[in-house]
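Right, one structure below, let's go through it.
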Amino acid sequence: MVFLVAILHASIRMALLTHPSMQALVLKARQWHLALDDNGRVIVGGSFTDYGGVECKNLARIAPNGAYDASYVTGSGTNLPVVSHRIERRANLVGGSFVSYNDLRMRSILITLPDGSVDSTFNLGTGANDAPVQTIAVQTNGKILIGGGFAKYNGVRRNGIARLNPDGSLDENFATGLGTGIERQRNNPCDCNTTQRSMHYWRRLLAL
């Protein structure tokens, strides 16, 4: 987290580090992470219930001066923590262990627009099953790579890694074979071959 704060512009970093609401969030939140949009505003995701006394469950946008940005409306937020997010083309791609966002069924991944509403053109179907989306990357062609502990995406077997089309559908041309092996690794942490395969796929994911 120190690294994520360090990459922000110096003035924004100072405002965040000295703002009482951000200091309180850091002390209370079990996890948190940041992403910077084109206007210098900071999206905060993680495991928290409020920012400066304003209810915003697990997802919020902060102005460059550290104040809460009420124009990003998340409603009831996500029901479980936000684990990863990435800002791309003014949209915020959100991943985690949640199954709903603002009372809408959204399993483990969604896209919010600049006002906090859900991008209805991103149709994920049943989404990633039973485990969080922990890593998100966007390719130059707009396709979205996701990684995590899931075994399926929209009912199709994809062990820990999948590529999505810009509309949220699964790119079935992206063949992952046995995937990362993370699900097997969770059950058998001593499986060295599985661990090596996991590391290979994570490097492949993060390099794109």
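Each reported figure results from applying straightforward, stated rules to the coordinates on display, with no laboratory input. Computed from a prediction, not measured in an experiment: that's the story for all the values here. Every residue, glycine among them, receives a Cβ derived from its backbone with ideal geometry; neighbour counts consider all protein chains shown.
Applying 0.36 nm per residue to the separation of residue 39 and residue 121 and subtracting their alpha-carbon distance, the gain on full extension is 27.1 nm. Ranked by the mean number of other Cβ atoms within 10 Å of their residues, highest first, the peptides 77-87, 140-150, 111-121 come out as 77-87, 140-150, 111-121.
For residue 57, the lysines whose Cα comes closer than 25 Å to its Cα, not counting residues fewer than 8 places off in the same chain, are 28. Among 153-162, 122-131, 91-100, sorting by the average number of other beta carbon atoms lying within 10 angstrom of each residue, highest first, gives 91-100, 153-162, 122-131. For residue 153, the residues whose amide H sits under 5 Å from its own are 158, ignoring neighbours fewer than 5 places away on the same chain, with H placed 1.01 Å from N.
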